[in-house]
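Heads up: the structure comes next, in structure tokens.
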Amino acid sequence: MSGQGPSYPRYAVSNGPEYGYKNLAVFYNACSFNCLYCQNYHFKEHTFSSRAFSAKELASRVDEKTACICYFGGDPTPQIFHAIKASKLALKQASGRILRIC
Ligand code: SF4
């Protein structure tokens with residue numbers, strides 16, 4: 001559930017909480033920074049042990065109740081081409097309905 005309606009009604013399913021909808025959170029296990037007090041340093045130990053998803057496979061996880069895809073990393077920049085490709089595929093299959101890319 002999220003609530004984008006009051007701020008961005010153009011990108012919201014409803015004017016209040018989007019009950020019944022979900023967010024597809026994509027955590028890339030990657031980051032281009034090296035902050036001294038990183039709260040996600042664990043990902044660096046698992047970067048190559050995670051299961052890999054193709055962009056097509058990731059886009060296929062979007063269904064009619066997915067209102068948003070949110071990319072995290074720590075920092076998703078190292079996987080930007082994968083994120084863009086998956087997002088374009090997901091938007092194409094969403095064919096005009098609300099699907100936010102964050
Ligand atoms: S995950 Fe966040 S806190 Fe950690 S190094 Fe990357 S940007 Fe910094």
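Descriptive notes on the structure:
- Residue list for the range 58-73, filter: surrounded by 17 or more Cβ atoms within 10 Å (Cβ to Cβ) and either touching a helix residue (DSSP H, G or I) at 6+ places or on another chain (Cβ under 6 Å) or farther than 16 Å from Ala30 by Cβ (or both): Leu58, Ala59, Val62, Thr66, Ala67, Cys68, Ile69, Tyr71
- Residues that are surrounded by 12 or more Cβ atoms within 10 Å (Cβ to Cβ) and modelled with pLDDT of 90 or more, drawn from the range 44-56: Ser54, Ala55
- Evaluating Val26 against the criteria (1) of a type outside the set (Lys, Arg); (2) within 11 Å of the chain's Cα centre (by Cα); (3) more than 30 Å from Pro9 (Cβ to Cβ) leaves one unmet condition, (3).
- No other residue among Tyr19, Tyr71, Tyr41 is within 16 Å of the ligand (Cβ to nearest atom) and at pLDDT 85 or above apart from Tyr71.
- Residue in the range 67-79 that is within 27 Å of Tyr8 (Cα to Cα), hydrophobic (A, V, I, L, M, F, W, C) and assigned to a loop (DSSP other than H, G, I, E, B) present: no
- Scoring Leu24 on the criteria (1) hydrophobic (A, V, I, L, M, F, W, C); (2) touching a Ser or Thr at 6+ places or on another chain (Cβ under 6 Å); (3) assigned to a helix (DSSP H, G or I) leaves a single failure, condition (3).
The values are calculated or read from the model by the stated rules, or taken from the named source; none is laboratory data. Keep in mind that what you see is a predicted model, and the values were worked out from it rather than measured. Because the Cβ atoms are built from the backbone with ideal geometry, glycine has one as well, and the counts that use them run over all protein chains shown.
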